[in-house]
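What follows is a short report on a single structure.
The values are calculated or read from the model by the stated rules, or taken from the named source; none is laboratory data. All of these numbers come straight from a predicted model, not from anything done at the bench. Ideal geometry is used to build each Cβ from the backbone, glycine not excepted, and the neighbour counts take in all protein chains shown.
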Amino acid sequence: MDPVASSDVASEHPALALDIGGTKMAAGEVSPSGRLVRRILRPTPQVTDAESLFGLVTDLLDELAPFDRYQALGVGCVGPMTPGGRLVSPLDIHAWRRFPLLQKLRAHTNLEVAIDNDAKALAMAEGWVGAAVGFANYLAMVVSTGIGGGIVLNGRLLEGNSGNAGHIGHVFVCPDSTSAPPDHVPGLLESEASGAGIAVRIGTAAENASTEEIRHAGVMVGRAVASAANLLDLRLAVVAGSVALGYGEPFFSSAQAEIDRLCTLEYSHGTRIQPAGLGDEGPLIGAAAVVLRHLGRLPRTF
């Protein structure tokens, strides 16, 4: 299938969208204007067999069949991954290491498929129909089981050498830290503010964190955002994810206070952090944006 020379009729069809995270998976139908029409959610199972996990992904997609209703399939997946999502190795999904997700999804759906990091997908969604509409420079973050980021500079989504640019969860933010999830380094943002990192530190699920722990997570995220703002000359960070949105005001106010403390340069002073405008719909709208961009049909150029 030629991803560019498709008919105008096809471009009027909805996109099939898939979001794969460490805690949950979701599939949905997204209109060409960026509206989430239908959504199905499932917890991400803790399995060790790669094919078993993929079977659960296809079961989820099959609930939205027939696939010929859709112009294409867009996927946002936690990273890292090789360019174009040909091989994915999500840090929080241990069953998949260099898993050929792109090839297998194409075979299952017989659709054109495009895959990108879930936080980069969110960055496009927020710039398309969310809180970053009209902004040419901004950071989007997902603070959930893990932490990812997508960066738009001068209106362009940063890709990097292998397509993994923006992985802000591995910025070092806390020199005195001693605890970290398995396979993580103490002091990384993910170790301090992700759901997995908080759970290790407090000894229970992140949703049970005290106000003090919530504020600590906010400070750590604010520290990372300030570093990005000072480095990249941007003044907006939009943040989604179950941890950030679940913690709410004390998390965001603590993050903003740390940004205000650290962003003292003329060009970074005034940097602000805010909840993502699309809420929990952002990941699927972002997944659709991934494939619409691939097809040359996303109204905003990234």
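Cβ-Cβ distance below 7 Å, separation of 6 or more or different chains: which pairs start in the range 248-273 with a residue that is closer than 19 Å to N137 by Cβ and end on one that is in a strand (DSSP E or B)?
Listed by first residue and then by second, the contacts come to A255/I273; Q256/R272; Q256/I273; I259/I273; R272/L236; I273/A237; I273/V239.
Take the residues of the range 49-68 that are farther than 14 Å from I20 by Cβ and in contact with a strand residue (DSSP E or B) (Cβ under 8 Å, 6 or more places away or on another chain): which is surrounded by the most Cβ atoms within 10 Å (Cβ to Cβ)?
Step one: of the range 49-68, the residues farther than 14 Å from I20 by Cβ are 49, 51-52, 62-68.
Then drop every residue that is not in contact with a strand residue (DSSP E or B) (Cβ under 8 Å, 6 or more places away or on another chain), which leaves 63-64, 67.
Details: E63: 10, L64: 21, F67: 15.
That would be L64.
Got at least one residue in the range 54-75 being at pLDDT below 95, outside any helix (DSSP H, G or I), out of contact with any Cys (no Cβ under 7 Å at 6 or more places or on another chain) and of a type in the set (V, I, T)?
No: the range 54-75 contains no residue that is at pLDDT below 95, outside any helix (DSSP H, G or I), out of contact with any Cys (no Cβ under 7 Å at 6 or more places or on another chain) and of a type in the set (V, I, T).
With the structure loaded, tell me whether P90 is under 17 Å from V290 (Cβ atoms) and surrounded by fewer than 21 Cβ atoms within 10 Å (Cβ to Cβ) or whether it fails that test.
no
Restrict the check to the range 277-293 and report whether at least one residue is farther than 17 Å from S31 by Cα and in contact with an Asp or Glu (Cβ under 9 Å, 6 or more places away or on another chain).
Scanning the range 277-293 turns up at least one residue that is farther than 17 Å from S31 by Cα and in contact with an Asp or Glu (Cβ under 9 Å, 6 or more places away or on another chain).
Of the residues G134, G150, only one is under 21 Å from G270 (Cβ atoms) and either at pLDDT 95 or above or of a type in the set (D, E, K, R) (or both); which?
G134
Please name all residue pairs, on different chains or six or more residues apart, with Cβ atoms under 6 Å, provided the first residue is in the range 40-65 and is under 17 Å from E29 (Cβ atoms) and the second residue is in a helix (DSSP H, G or I).
R42/L60; T58/H108
Residue by residue through the range 123-139, note down the ones that are aliphatic (A, V, I, L, M) and in contact with a Gly (Cβ under 7 Å, 6 or more places away or on another chain).
If the condition is that a residue be aliphatic (A, V, I, L, M) and in contact with a Gly (Cβ under 7 Å, 6 or more places away or on another chain), then A123, M124, A125, V129, A131, V133, A136, L139 are the ones that fit.
Give the range 102-156 a look and list any residue that's within 25 Å of L189 (Cα to Cα) and in a helix (DSSP H, G or I), or say none.
Within the range 102-156, D118, A119, K120, A121, L122, A123, M124, A125, E126, G127 qualify.
Is it fair to say N154 is surrounded by fewer than 18 Cβ atoms within 10 Å (Cβ to Cβ) and on the phi > 0 side of the Ramachandran plot?
Details: surrounded by fewer than 18 Cβ atoms within 10 Å (Cβ to Cβ): yes; on the phi > 0 side of the Ramachandran plot: yes.
Yes.
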